[in-house]
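**Q** One structure coming up, written as structure tokens, with questions to follow.
The values are calculated or read from the model by the stated rules, or taken from the named source; none is laboratory data. Just so we're clear, the structure is a prediction, and the values are computed from it rather than from any experiment. Note that we place each Cβ from the backbone using ideal geometry, even for glycine, and neighbour counts take in every protein chain shown. We work out accessible area using only protein heavy atoms, side chains counted, and drop any ligands, DNA or RNA first. Shrake-Rupley method; radii C 1.70, N 1.55, O 1.52, S 1.80 Å.
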Amino acid sequence: MGIFDKNKFASAKQEWATPQNLFDALNDRYCFDFDLAADETNTKCPEYFSAKTDALEQNWKGKCWLNPPYGSTGRNKLSKWVERAYAQSRDDSCSVTMLIPARTNTIWWSKYCMRASEVLFVIGRPKFGDAIHGLPQPLAVVTFAATKGKTRFGSYHVKDAAIITEEVEE
């Protein structure tokens with residue numbers, strides 16, 4: 001699946017299918033109609049953008065699901081996807097719920113994810129696609145929508161597919 005090199009986890013491939021039980025719990029909550037980073041073998045929604053149609057070059061509409069590439073360069077650069085999700089959600093033409101590494105020490109997390117409408121930290125290690133083990137890094141489900149107000153924080157528990165949220169008071 002992946003290797004640790006120079007203190008960093010890396011994977012030779014970027015196309016990992018979202019765990020179905022995780023998607024189902026989130027889809028029950030958000031009712032997605034568009035998958036922003038998929039192909040015909042791993043899409044979770046009837047409509048989707050693939051590498052060929054390049055979601056980063058499209059206008060996004062509706063209730064969007066996004067399990068983006070977690071890479072650090074080029075089209076797979078995670079920060080590009082996070083920035084685009086935030087920007088596309090600002091005009092209320094779409095909401096974007098994305099499954100991403102919880103890289104809370106990065107500039108892009110602070111700049112975009114802390115302004116999300118909701119952040120769910122994933123408790124446990126979900127298995128992606130045909131992987132033998134769960135992903136060895138913290139994950140978060142971040143939802144961007146054109147809402148005003150406080151960010152709602154909570155958790156998604158892998159073991160029992162439960163979502164728990166609460167408003168965080170200042």
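**Q** Does residue 72 satisfy the criteria of being open to solvent by 20 Å² or more (accessible area, probe 1.4 Å), more than 19 Å from residue 33 (Cα to Cα) and either among the small types (Gly, Ala, Ser) or modelled with pLDDT of 90 or more (or both)?
**A** It is true that residue 72 is open to solvent by 20 Å² or more (accessible area, probe 1.4 Å), more than 19 Å from residue 33 (Cα to Cα) and either among the small types (Gly, Ala, Ser) or modelled with pLDDT of 90 or more (or both).
**Q** Determine whether the stretch 31-41 contains at least one residue that is in a helix (DSSP H, G or I) and touching a residue at least 24 places away in the same chain (Cβ under 8 Å).
**A** Going residue by residue through the stretch 31-41, those that are in a helix (DSSP H, G or I) are none.
The answer is no; no qualifying residue exists.
**Q** Moving on to the next point. Mind checking which residues of the stretch 90-117 are polar (S, T, N, Q) and over 20 Å from residue 26 (Cβ atoms)? Let's see the steps before the verdict.
**A** Taking the stretch 90-117 and keeping what is polar (S, T, N, Q), we get 93, 95, 97, 104-106, 110, 117.
Correct list: 93, 104, 105, 106, 110.
**Q** Further question: Given the criteria open to solvent by 40 Å² or more (accessible area, probe 1.4 Å) and part of a loop (DSSP other than H, G, I, E, B), does residue 51 qualify? Give the derivation first.
**A** Numbers: open to solvent by 40 Å² or more (accessible area, probe 1.4 Å): yes; part of a loop (DSSP other than H, G, I, E, B): yes.
In short, yes.
**Q** Listed residues 65, 60; which is closer than 25 Å to residue 151 by Cβ, part of a loop (DSSP other than H, G, I, E, B) and free of Cβ contacts under 8 Å to residues at least 60 places away in the same chain? Please lay out each step first, then the result.
**A** Values: 65 fails: part of a loop (DSSP other than H, G, I, E, B).
Of 65, 60, the one residue that is closer than 25 Å to residue 151 by Cβ, part of a loop (DSSP other than H, G, I, E, B) and free of Cβ contacts under 8 Å to residues at least 60 places away in the same chain is 60.
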